[in-house]
1. Over all alpha-carbon pairs of region 314-360, lay out the pair-distance distribution in 10 Å bins, whole %, shortest bin first.
2. Can you find, among Ser219, Ala249, Ala260, the residue sitting farthest towards the positive end of the charge dipole of region 205-306, where Lys and Arg contribute +1 and Asp and Glu -1 at Cβ?
3. Using 1/(1 + (r/R0)^6) with R0 = 25 angstrom and r between the beta carbons of Arg231 and Asp96, what's the FRET efficiency to the nearest 0.05?
4. Which residue fluctuates the most in the chain, going by a Gaussian network model with Cα springs under 10 Å, if the choices are Gly79, Gly47, Gly243?
5. What do you get for Rg/Rh of region 99-256 when both radii come from the Cα atoms and Rh is the Kirkwood radius?
6. List the relative contact order of the chain as a percent without decimals, with contacts defined as Cα pairs under 8 Å and 6+ residues apart.
7. Scattering from the C-alpha atoms of region 200-257 alone, worked out with Debye: what is log10 I(q)/I(0) at q = 0.17, 0.24 1/Å?
8. I'd like to know how region 275-345 sits against the 2.2 N^0.38 Å rule of thumb: what's its Cα Rg over that expected value?
Amino acid sequence: MRISTSDTPEDLIRAEALRLGFDTCRFTSIPDAWLASGRLVEFIDHGRHGELTWIAETAERRAHPRAMWADARSAIMLGMNYGPDHDPLGVLAEPDRAAISVYAQGDDYHELIKGRLKALARWLQARFGGELKVFVDTAPLLEKPLAELAGLGWQGKHTNLVSREFGSWLFLGSILTTLELTPDRTEPASCGICQACLDICPTKAFPAPYQLDARRCISYLTIELKGPIPREFRAALGNRIYGCDDCLAVCPWNKFAAIAAEQKLQARDALRAPALADLACLDDPTFRALFAKSPVKRIGRDRFVRNVLYAIGNSGDPALGAEAERLLDDPSPLVRGAAVWALSRLIGAERFADLHRANANEPDAEVRSEWLQAAPG
C-alpha cells in the first residue's frame, strides 16, 4: 500500500500489518451494545460447552470486551489466510488414511500470529502512543463478533467467520487499544438461504442456524474431550482424527479463496493424508517428533491414538485389525478401550470372544465395559 502525507492512521497501520505478513486488517470501535454476550449465555445455559469449563468460568469477562479491559476503545482486527491447496474433503474417501483439519496440517498459528501481533503492537505504540493488548484465541475475548463488526466477514450459520475474499480460511488476531480509531464498515451477512454447512455435519452439531452444540462437534470430540468419545458419535467420525473441516470446506464462498501465502501455514506433506497404520504405531517420542510445532501436539499421544483407533474401526479394512490388536496391551486405558471398539468392527464374533477371554484380567473398569458393550451380536 502506498503511503503519502495524507494517509490516515488507519492507512498507516494497515500498511504495516500487510508488511508484517497479515492478509487483511480492519478496525472497529468497542460497542456499548454487545449482542454476542446473549448468545454466549444461551450457549452456556444449554450446556453446549461440554467439558470446556473455562468458557463458563470466564463468562463474565467474555461478556464484553470492556469487561476484560475497561479502557479499550478500538479493536484492530487482523486476518491471516490459511487456504489449502487441496480439497479438504477429498481424504474422506480414503478410509485407510487420516483426515487432519487444514489448520493443523502446518505450524501452530498461535505462535506465528502472536509474534507478528507483538511486532505490530510495538510499531503502533512507538508511532501513535496509547495502551494496547494483543490476543490470539487464547484469552476470554470473543474475536469472531469483533471481526464481524470490523468487516472482515460475517458469522455464518455454522458460527464461523466467512469472508468474501478468503472464504472459510482466515486465522484471526486482535489488538485492543485505548486509541480512538475510525471504524470500518461491517460486511452484510451473505449466506442467504444456503445451509450447506448445517446439512453436511456428520454429527448434527447445529441445533439451529447460528447455534452450535460443541458436545456433538467432531472438532470438540477429537481435540477437547479427554475421555472416550461417546459411542453414538464414533461411526460418524469416519477417518477424521483431529478436527473436522466439513462445514468450512462446503461453503460456496470458498470459490474466492486463495492458497495461503505463508509457508508455515501450508500443509506438511506428512500430514496431508497420513496412513492410519503408521499413526497407530506412534509412541510418545515419535508422536512429539512428528507433530513438533503443530497444534496437534497439545492433545498428547494417547488421545491422538484413541482417535486413530476409532478411524481404524471405521475403515472396514480387516488388515488394520492387527494394529488395533497390538494396542490391546498399550499402557493407556484410553487407547486400550478404543482398540477394543475398533476390533469389534473389524473381526468376527468368535475371534473377538477369544481376545476378550485373553484379556479377562483387564485392570481398568472402563475398558472392561468397552469389551462388554462391543461384543458382536
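1. Once binned at 10 Å, the Cα pair distances of region 314-360 give 29, 61, 10.
2. Positive-most Cα among the choices belongs to Ser219.
3. For R0 = 25 Å, the calculated efficiency reads 0.65.
4. Largest GNM mean-square fluctuation: Gly47.
5. Looking at region 99-256, the ratio lands at 1.01.
6. With pairs under 8 Å counted, the relative contact order is 19 percent.
7. Rounded to two decimals, the profile gives -0.57, -1.01.
8. That works out to 1.03 for region 275-345.
Only the coordinates and a few stated rules stand behind these numbers; no lab work does. Everything numeric here is computed off the predicted structure, so don't read it as measured data. Glycine also receives a Cβ, built like all others from the backbone with ideal geometry; neighbour counts cover every protein chain displayed.
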